[in-house]
Structures are given as C-alpha cells and as structure tokens.
Amino acid sequence: MKMRIVFTVARRAVSGLVAVVLTVVVLLLESSIPSTGKAAATVSSVPPAVYDSRYDLDHDSDIDIVDIMLVASHWGAIGTWSGDCAAIQEAINALPVTGGQVVIQAGTFICTTPIVIDRDNVDLRGQGSATVLRLADGANSPVLVLGQTIMYPTMARTNIRVSDLTIDGNRENQTVECWGGPCDTGGLTYIRNNGITLRGVSDVLVERVTVTRARSGGLVSEKGSRRVTVHDLASFDNYFDGLAAYETEDSIFSQLQIYDNAYAGISLDIRFNNNIISDAVITGNGRQGIFMRDSRDNLFQGIQIRNSGEQGVFLAQVDTDPTKPASGNTFSEIIISGSVAAGLRVNDASCVNNSVVASQFVANQGGCISEETPGLVQALGNICR
C-alpha cells in the first residue's frame with residue numbers, strides 16, 4: 001500500500017536568506033515508514049538557518065521531513081516567491097527510491113543549470129502560468145531534461161510527469177545553441193539548449209505546459225523515446241522549432257498551440273514512426289508548419305496550419321537517401337491556409353503512400369498540393385480554393 005506524505009521544503013527570508021518555497025508530495029511504500037510515522041529521508045534543501053535546535057521540533061536531534069512540515073506551519077501560509085532552481089533539483093534528488101511528487105509554488109525560478117529528472121516515478125508540477133522556470137543569463141543550457149544526459153542513454157527512465165508550468169529559455173541572453181559551448185565539441189555539447197528535452201524515456205506525460213524563448217527547440221523528444229504523451233502544450237518564440245521529435249514512437253501529441261517559431265512549428269525526423277498528432281493550431285512559423293523526413297505511419301488529424309513562411313507541410317527524404325523518406329502518413333481533416341509556398345509539398349519520389357483525406361487548402365501561394373512526381377499523394381475528398 002502507498003501512503004501520501006505532504007511536506008514543504010522552504011527557503012525564505014529567515015536570517016537574511018533568499019526565499020524559495022517548494023511543496024513536495026512523496027509517495028512511499030507503507031513498509032518504508034518507521035513506526036514513529038516519520039518518513040525515512042533527509043532533505044538537503046532546508047536552509048542553513050533551519051539546522052538549529054529551535055527547529056528540531058520533534059526533538060530527535062536531526063532535521064527531517066517531520067521537522068520541515070512543522071517549520072512550514074510555524075512560518076505560515078505559503079505565498080509567491082522567487083529564487084533559483086537548485087532547490088527544485090535537490091527536492092527531486094531527495095525523493096525516495098519509489099519516487100514521488102514535487103510541487104513548485106507560484107514564482108519565478110532562475111536556472112543556472114538545467115533541472116534533470118534522471119530517475120523513475122517523478123511528478124513535477126507547478127501552479128500553472130504563475131510558476132516560471134527561467135534560464136539564467138549566459139547559462140547556455142537546456143532548462144529541463146527528462147532522462148539520462150550521457151550521449152547515448154543506456155536506460156529508459158519511466159513514469160515521469162511534468163505539468164502546470166512555464167519554461168522560459170531566455171534565448172536573447174544565451175550565446176550558443178548547445179549545452180556549454182558550440183555543438184558537438186565535447187562535454188555535454190551534444191545536447192541542444194531546448195526548453196524541455198526528453199532523452200530515451202518511456203511512459204512520460206507532459207501537460208498544461210508553456211515553452212518559450214528557447215535557444216534551440218521548444219520541446220524535443222529524442223533518443224528512443226516511447227509512449228510519450230504531450231497534451232495542452234503551447235510553444236512559441238523559440239529559435240528553431242516549437243516541437244521536434246526524433247527516434248520517437250507510439251506517442252500522442254494533442255491540444256497543441258505552436259506559433260511564431262523561427263523555423264518549423266513541428267519538426268519530425270530520424271525514425272519518427274507510429275505516432276498521433278491531433279487537435280493542433282500551428283500558425284505564423286518562419287518556415288514550415290510541419291517538416292517531416294524519415295517518418296512513417298503517423299496520423300495527423302484535426303490540425304489548422306496557417307501563415308507558414310514556406311510550406312504548410314513539407315515531406316522529404318533525408319538528403320540523398322531514398323531509404324529514409326516520409327512515407328505512409330495519413331493527414332485527415334487538415335486545414336492549411338496562407339502558406340507562402342505550397343500548402344503541402346512532397347519533395348522526393350521516395351515519399352510514397354501518404355494520404356490526405358477530407359482536408360482544405362486555402363489561399364496557399366504555391367498551390368494546394370505540390371509533388372515531385374504526380375501520384376505520390378493519395379487524395380480523397382479534399383477542397384482546394
């Protein structure tokens with residue numbers, strides 16, 4: 001049986017300390033809770049001022065979760081605070097091996113390094129738009145990473161949830177696209193400075209999250225991620241793509257607002273197979289609404305794509321390799337309008353077996369459907385106007 005223990009990790013203005021407030025909900029197996037009712041854990045993010053006999057409120061000669069709960073109650077109601085992201089990372093690290101939930105209170109938290117969830121069974125939740133994780137000036141890193149940060153993840157982290165917060169990549173005050181320096185030059189520079197990066201994870205849920213101003217992409221799934229669910233995502237004003245997915249399968253992306261990104265709204269490549277993207281509005285992106293290569297057997301349904309700087313949808317193979325096309329994809333009930341180029345462009349003859357059904361193409365300057373050779377798209381019940 002699991003028990004739910006709620007406690008507060010707090011940093012606030014006590015003896016001149018900077019304020020940071022987090023609420024943590026820990027799910028523990030009943031067997032891990034001693035007979036005294038205390039959780040067997042110590043949280044390192046308690047401010048130094050708390051390490052004082054005055055705060056050892058259960059009089060057991062240490063400062064633990066029970067004391068933190070009592071200290072929080074003595075300090076009064078939790079308000080809106082500002083601080084750094086280190087306490088969030090410490091709270092995640094302090095969860096028991098069975099995992100748990102970290103609830104971030106309203107406020108703006110500055111990240112000098114990324115928050116990394118490299119463990120299973122973690123639920124990170126904010127208070128909606130009032131909780132902002134902002135990358136520090138010159139940090140040159142991602143904001144939030146789910147999964148291992150080694151070059152090629154060896155273990156899939158599972159059962160992770162991120163919800164109800166805003167990620168601000170502060171791209172105007174970063175100097176490079178990759179973590180710690182120019183891309184692929186050693187260290188962690190193989191990781192792009194995205195707002196959220198999913199690396200080789202499975203059974204992950206990201207919902208009610210906004211990502212903006214990332215130096216690279218908004219939300220990026222990669223490195224063999226499986227069964228990812230992204231729901232109710234807004235991603236805008238990112239330097240490259242609003243949403244990108246590579247080496248991602250069996251995943252669902254829905255209720256998306258993707259707009260005003262400099263490159264594609266959505267970019268899909270490197271074995272993006274057997275996924276669903278639905279109920280999305282993709283507007284005002286600098287190049288394509290949706291860019292696809294090396295992507296097979298995906299379903300796109302109920303999507304509005306408007307005012308793309310180039311094509312609304314662009315299907316291609318990888319460079320000159322005909323074995324890596326965008327093929328076998330279905331587009332149903334799509335409306336593409338106001339593209340500077342074609343509404344949908346199939347750029348290579350290897351991109352076969354794509355179907356477009358019950359869709360509308362409106363006022364696209366390069367025409368409705370453009371094909372490298374005729375007959376690449378299986379079209380049924382569409383309107384071009």
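The values are calculated or read from the model by the stated rules, or taken from the named source; none is laboratory data. Here the structure is a predicted model, which means the values were calculated and not measured. Backbone-built Cβ (ideal geometry, glycine too); neighbour counts: all protein chains shown.
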Worksheet item: Do we have any residue at all in the range 239-254 that's in contact with a helix residue (DSSP H, G or I) (Cβ under 9 Å, 6 or more places away or on another chain), closer than 19 Å to Arg192 by Cβ and either not in a loop (DSSP other than H, G, I, E, B) or not small (Gly, Ala, Ser) (or both)?
Response: yes
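Here's the yes/no breakdown for (1) touching a residue at least 40 places away in the same chain (Cβ under 8 Å); (2) closer than 27 Å to Tyr239 by Cα:
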residue	(1), (2)
Thr283	no, yes
Arg296	no, yes
Gly328	no, no
Ser339	yes, yes
Gly367	no, no
Worksheet, complete the sentence: Residues in the range 123-152 that are surrounded by fewer than 21 Cβ atoms within 10 Å (Cβ to Cβ) and farther than 26 Å from Glu177 by Cα total 5
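Residues that are out of contact with any Gly (no Cβ under 6 Å at 6 or more places or on another chain) and closer than 20 Å to Ser129 by Cα: does the range 244-253 have at least one? Before the answer, list the steps.
Here is the first cut: in the range 244-253, the residues out of contact with any Gly (no Cβ under 6 Å at 6 or more places or on another chain) are 245-246, 248-253.
The next check asks that each one be closer than 20 Å to Ser129 by Cα; those that pass are none.
Within the range 244-253, none of the residues are out of contact with any Gly (no Cβ under 6 Å at 6 or more places or on another chain) and closer than 20 Å to Ser129 by Cα.
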Worksheet entry | Residue that is nearest to the chain's Cα centre (by Cα) [pool: residues in the range 212-233 that are within 14 Å of Gln174 (Cβ to Cβ) and polar (S, T, N, Q)] | Thr212
Worksheet item: Just checking, how many residues over the range 193-205 are surrounded by fewer than 24 Cβ atoms within 10 Å (Cβ to Cβ) and part of a strand (DSSP E or B)?
Response: 3
Worksheet entry | Scope the range 154-191; condition at positive phi and either surrounded by 15 or more Cβ atoms within 10 Å (Cβ to Cβ) or within 18 Å of the chain's Cα centre (by Cα) (or both); matching residues | Asn159, Asp164, Asn170, Gly180, Gly181
Worksheet item: Residues of the range 306-328 being of a type in the set (Val, Ile, Thr) and surrounded by 16 or more Cβ atoms within 10 Å (Cβ to Cβ), which ones?
Response: Val313, Val318
Discussion item. Please go through the range 231-266 and give me each residue that is of a type in the set (S, T, N, Q), closer than 21 Å to Ala326 by Cα and either surrounded by 22 or more Cβ atoms within 10 Å (Cβ to Cβ) or not assigned by TED's automatic domain parsing to the domain that holds Leu146 (or both), ordered by number.
Written reply: Thr248, Ser251
Worksheet entry | Residues located in the range 192-230, provided they are more than 18 Å from Gln255 (Cα to Cα) and either aliphatic (A, V, I, L, M) or not assigned by TED's automatic domain parsing to the domain that holds Thr248 (or both) | Leu198, Val201, Ala214
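Here's the yes/no breakdown for (1) over 23 Å from Thr373 (Cα atoms); (2) in contact with a strand residue (DSSP E or B) (Cβ under 8 Å, 6 or more places away or on another chain):
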site	(1), (2)
Ile277	yes, yes
Asn285	yes, yes
Val318	no, yes
Thr323	no, no
Ala326	no, yes
Ala342	no, yes
Worksheet entry | the range 255-278, residues that are closer than 22 Å to Glu310 by Cα, assigned to a strand (DSSP E or B) and not aromatic (Phe, Trp, Tyr) | Leu256, Gln257, Ile258, Ile266, Ser267, Leu268, Asp269, Ile277, Ser278
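Checking the condition of a type in the set (Phe, Trp, Tyr), modelled with pLDDT under 95, over 22 Å from the mean Cα position of the chain (by Cα) and surrounded by 17 or more Cβ atoms within 10 Å (Cβ to Cβ), which residue from Tyr51, Tyr55 passes?
Working: Tyr51 fails: surrounded by 17 or more Cβ atoms within 10 Å (Cβ to Cβ).
Exactly one of Tyr51, Tyr55 is of a type in the set (Phe, Trp, Tyr), modelled with pLDDT under 95, over 22 Å from the mean Cα position of the chain (by Cα) and surrounded by 17 or more Cβ atoms within 10 Å (Cβ to Cβ), namely Tyr55.
Just to be sure I understand, how many residues within the range 212-238 are of a type in the set (A, V, I, L, M, F, W, C) and outside any strand (DSSP E or B)? Explain how you work it out, then say what you get.
The first filter runs over the range 212-238 and keeps only residues of a type in the set (A, V, I, L, M, F, W, C), leaving 214, 219-220, 228, 230, 233-234, 236.
Filter again for outside any strand (DSSP E or B), leaving 214.
Residues flagged as of a type in the set (A, V, I, L, M, F, W, C) and outside any strand (DSSP E or B) within the range 212-238 amount to 1.
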